[in-house]
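Inspection log for the structure reproduced underneath, given as structure tokens.
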Amino acid sequence: MNIPRYTSNGFSHKSLLDRARQFRNDNESHLSLHQAKNQIAQDVGFKNWKILEKEPTNRNRDSFYYDAFSDREKYQARYEVFLEESGVEQSMDAYRDFVVQEFQRESSNKENKVEVQLLQEIIDRLQAFGPESLLPQNFPEYLLIKVGDAFESFFSEDEEASTSTVPPEIIILLNAAITSEKNRNWNGEMTISEQKFMDDLDAYRLYLSFERFKRSLGLEYSPPTISNIFDPNHKVEIKTNKEFFEKGKEVFGDNLSPEFEYQI
């Protein structure tokens, strides 16, 4: 089945293109198709058609919207609750708002479940093997990918990307575990400044990247220890190969050299 592409606010691209063509015809060719498309894009909340088309594709969202618009009876009961709670009359715009809200709610529920499972796995690992088990180089491949993706989500500038709660939890857990290791009489109270917290997040994210590059591209680097992973003065020694050198620029910038030190 060919699922149409939708905007994030619930309009199919095909229906909007049809509306633009109709709008141009209604204006007896005083408008070009380009101008008509821009006008329709503005009518549905976008600055112009180009920005509308550049909106990231989300096939899960497209499938959900297609199902909801194709089989309204399946969603009727929840739609009626939505109308009552929002105090609006039945209309196509109201149903579209309902569909968007339903997708966001279901996506949030799925993401929360995955987050809880991942965080529990981190806690179980910490309790079974100690703080060293949370160093990126000690993660099995599947967990390195999961945690790495969670950190990328957390730092993403994409408004549609979910903001993972796992990274802050890992930083808190690891700081607590390190403090407990250093001081067996620790009473469990801990204060972390906002600046240190963000610095620790940045450092851990970089070590995740280093480890992933090591496994995928053969990067050589000096992995962190419990004592230096959050040390702001610690320098990481890195040796690159040609493949990493090309792809690594995307992460570390144009100043990347075949052998260098990277200060966390």
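The relative contact order of the stretch 1-42, computed from alpha carbon pairs under 8 Å that lie at least 6 residues apart in sequence, is 31 percent.
For an R0 of 22 angstrom, estimate the FRET efficiency from the Cβ-Cβ distance between Met198 and Asp149 and round to the nearest 0.05. My answer for the efficiency is 0.65. Structural descriptor for the chain: relative contact order 11 percent, calculated from alpha carbon pairs under 8 angstrom and at least 6 residues apart.
The three principal axes of the C-alpha atoms in the chain carry coordinate ranges of 75, 46, 36 Å, sorted with the longest axis first. Estimated from helical segments only, the mean residue ellipticity of the chain at 222 nm is -20500 deg cm²/dmol, where each DSSP H run of four or more residues counts as -39500 (n - 2.57).
Distance from the alpha carbon centroid of the stretch 157-229 to that of the stretch 28-83 works out to 40 angstrom.
Counting neighbouring Cβ atoms within 10 Å and putting the fewest first, the residues Arg105, Arg125, Arg78, Arg61 line up as Arg105, Arg78, Arg125, Arg61. Here the spin labels are modelled as points 7 Å beyond Cα on the Cα-Cβ line, and at Lys47 and Asn233 they lie 4.6 nm apart. Checking every one of the GluC sites (Glu not before Pro) in the stretch 76-143 against DSSP loop status and a limit of 11 other Cβ atoms within 10 Å picks out Glu89. Axis of helix 72-86 versus longest Cα principal axis of the chain: the two differ by about 80°, to the nearest ten degrees. Among Leu134, Leu83, the order by Cβ neighbours within 10 angstrom, fewest to most, reads Leu83, Leu134. Going by neighbour counts of Cβ atoms within 10 Å, the residues Asp200, Asp231, Asp62 line up, fewest first, as Asp231, Asp62, Asp200.
The C-alpha atoms of the chain define a longest principal axis, and helix 33-43 lies at about 70 degrees to it. Phi angles of the stretch 113-122 translate, via the Karplus equation with coefficients 6.51, -1.76, 1.60 and θ = phi - 60°, into HN-Hα couplings of 4, 5, 4, 4, 5, 5, 5, 5, 5, 5 Hz per residue; Gly and Pro are given as x.
Taking a ≥ b ≥ c as the square roots of the Cα gyration tensor eigenvalues, with a/c under 1.5 meaning rounded and otherwise prolate when a/b beats b/c, else oblate, which class fits the stretch 130-243? Oblate shape, in that a/c is at least 1.5 and b/c is the bigger or equal ratio.
All of the numbers you see were taken from the coordinates with simple rules; none came from a lab. As the structure is a computational prediction, the values presented were derived from the model and not from experiment. Here Cβ is always computed from backbone atoms with ideal geometry, including for glycine, and neighbour counts include all displayed protein chains.
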